[in-house]
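Values quoted throughout were computed directly from the atomic coordinates according to the rules given, and no laboratory measurement underlies them. Predicted, not measured: the structure shown is a model, and the values here were computed from it. Because the Cβ atoms are built from the backbone with ideal geometry, glycine has one as well, and the counts that use them run over all protein chains shown.
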Ligand SMILES: Nc1nc2[nH]cnc2c(=O)[nH]1
């Protein structure tokens, strides 16, 4: 006689264990991309400005070139297009009749608004780094990201997240990677009211873009027909978001480059480059590719965890970047002293706290699933 087989015990558990494992792998992978992107960008930027003979320019000229930097931050998005098509399409769920998909116009508006925000923060970030110290820019940004996450994404803060934020703030306040782009000093430029405005707007735009991107993934992209309309998050969304947003940002930066007349300076820059034009082009290509690596990692973490976590990881990369810059360049007075070692420790602790919180959340999810499975089995046996 054939035995009646009830629902296989632990079936949900096995698939949950598998999906949690995949989730952890993607979190570590995206974190690695952010760290790699941040490090390469800073190393190449330093190389670029060292080679650029900045000190030979007049003070005005030293604050130029920021539209070019903004353009480079966004322009290499086409390298992601083949990857987008290689990744498998998500399956569409069969029960779609009742699902309301967001209209095309909403998706378009999302990409347009994020593209403009990204172009704003790319341009002003390039400028802000010339005016104000990293130690002020970065903590301000993390505080704003926390506020936006609380109000826009309804993120619930707990003690582990708060401790992680405090460690990150401390680490970044004491650990600015050396930056050879800083103009040869004129204090009035650095701390004037203009400098403070230039600090506030890119940090605002960056923080806002993280929260809106998270909202866009959850409320718009995950509900579209092409992603199954099932609220499932897949990596393809990251690539789609990055490609369309960077496309808009690139257009805005191109307009800025031409309207400001900065494009006329490109020839002079390539001629000034100490190692010659080939190295000039190679360093710009390297920078553009590194920015894409960074952006995919950042958006990947926004998708799989949150905008706040993505910002924490991005900020925690600074001490590592500072160490790499010390090893790669011989800038005067730049060493990896006790302050930076402390900052590195702060970053490690910040990440440990956040990861501990994520681990606890995932464990709780699994326990709830176990409980539900057990209840279902018991009621079917009764
Ligand atoms: N505003 C801003 N722009 C960025 N572009 C790359 N990183 C950053 C950042 O931390 N802040």
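A few remarks follow.
- Cα gyration tensor category, rounded, prolate or oblate, for the range 162-261 with a/c compared to 1.5: oblate
- Exposure proxy shown here: for 314, 101, 359, the number of other Cβ atoms within 10 Å sets the order, fewest to most, as 359, 101, 314.
- For the range 286-382: span of alpha carbons on each principal axis (Å, largest first): 77, 33, 18
- With coordinates expressed along the principal axes, the C-alpha atoms belonging to the range 170-325 extend over 54, 37, 32 Å, beginning with the largest.
- Helical content alone sets the calculated 222 nm signal of the chain at -24500 deg cm²/dmol, taking -39,500 (n - 2.57) per DSSP H segment of four or more residues and averaging over every residue.
- Estimated distance in nm for a label pair at residue 365 and residue 266, the labels positioned 7 Å out from Cα along Cα-to-Cβ: 4.4
- Anisotropy class of the range 226-295 from Cα gyration tensor, a/c 1.5 cut: oblate
- Normalised by residue count, the chain yields a Cα convex hull volume of 171 Å³ per residue.
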